[in-house]
1. Take Ala146, project a point 7 Å from its Cα along the Cβ direction, then tell me which residues of the range 156-177 have their backbone nitrogen under 18 Å from it.
2. How many angstrom lie between the Cα centre of the range 62-79 and the Cα centre of the range 191-234?
3. Is the shape of the range 35-259 best called rounded, prolate or oblate, per the rule: a/c under 1.5 gives rounded, else a/b larger than b/c gives prolate, else oblate, with a ≥ b ≥ c the square roots of the Cα gyration tensor eigenvalues?
4. As an exercise, use a Förster radius of 41 Å and the Cβ-Cβ distance of Asp131 and Asn262 to find the FRET efficiency, rounded to the nearest 0.05.
5. If we sort 173-179, 148-154, 42-48 on the protection proxy, mean other Cβ atoms within 10 Å, highest first, what's the order?
6. Would you calculate the separation in nanometres between label points at Asp166 and Ser252, each defined as 7 Å from the Cα along the Cα-to-beta-carbon direction?
7. Which links in Lys57/Lys206; Lys170/Lys196; Lys106/Lys197; Lys57/Lys196; Lys57/Lys106 stretch past 21 Å when you go from one Cα to the other?
8. Checking the cross-link filter: which lysines have an alpha carbon closer than 16 Å to that of Lys53, excluding same-chain neighbours under 8 positions apart?
Amino acid sequence: MRKLKLSFLLAISLVLSSLSGLASAESNKETEDNFPKLMQQADQLKDSGATDKEIDKFLKSQGVQVLSSNTITLDEKGNELSASSGEVSIMNIDAADRKVTTRVTKDSGRYYAWVQIDRMPTLPSNATFEDYPASYDVVSINWNPAYFNYVANGVTNANMWLADADFRDKGTILFNIYDNLDRGSTVSAYAKLSAKKAGSTTTAVKYTHTYDKTQKSSTYTGNASWSWGSPLGVGVSYAIATSEVEANWSKSATASVKVTLN
């Protein structure tokens, strides 16, 4: 009789343990599924004029660890205007400028390497970001494949979309983005990653802007052509092929991160 009671208690214990594990897994999945919504809220905050530090504070209030962030502001020729202090509002940039922010965050054990690109929300409704947009711009997210495994990717709105994930297992995915975003629109893209080993490493984003040299085009000419280069420490390089009527410039930003396995 005693053995029967012990067997019964053991069975109950195993069932409860199993249910606890399922509840924990479902909770983690629910939190992960909520991350894209938080990114959309971060975009909305930037559209409202929030600084990078204010956005970082919002993310932390939602339980997201902001491990690293870096912002560069570029003029229409690709020149960096100023180093990021996190205090400059997007309302201070010109309509032709690009502001590129890269972050590494951690949520529910997953790492997110993401890029946020914005334009001024105060432009007139009939204004454009660029008069001669040429091909769609290209943005890469790069990470060190020795430290991270690729899990998934995502974007926050239709102004940006996945272009190439052939080298995702080597640490790079590419996105296309409209030069002329919708009025007052910020857009973000991310790579969701899992840790392979502990240590310190770097992630990076590379933004390539294409433009029409003839200054005649007022519409997009389609996708730019790119070619893959040699593996890097934080992914794989790419280059945009320039046509007779188009030119391009590229700019990279990096963010350092300490990786843990929990």
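1. Label zone hits: 169-172.
2. 15 Å
3. It comes out oblate by the Cα gyration axes.
4. So the FRET efficiency works out to roughly 0.20.
5. Most protected by this proxy first, the peptides run 173-179, 42-48, 148-154.
6. The two pseudo-label positions are separated by 2.0 nm.
7. In this structure, Lys57/Lys206; Lys57/Lys196 exceed 21 Å between Cα atoms.
8. Lys99
FYI, it's all coordinate maths here, none of it is from the lab. Model, not experiment: these values are computed from the prediction. Glycine also receives a Cβ, built like all others from the backbone with ideal geometry; neighbour counts cover every protein chain displayed.
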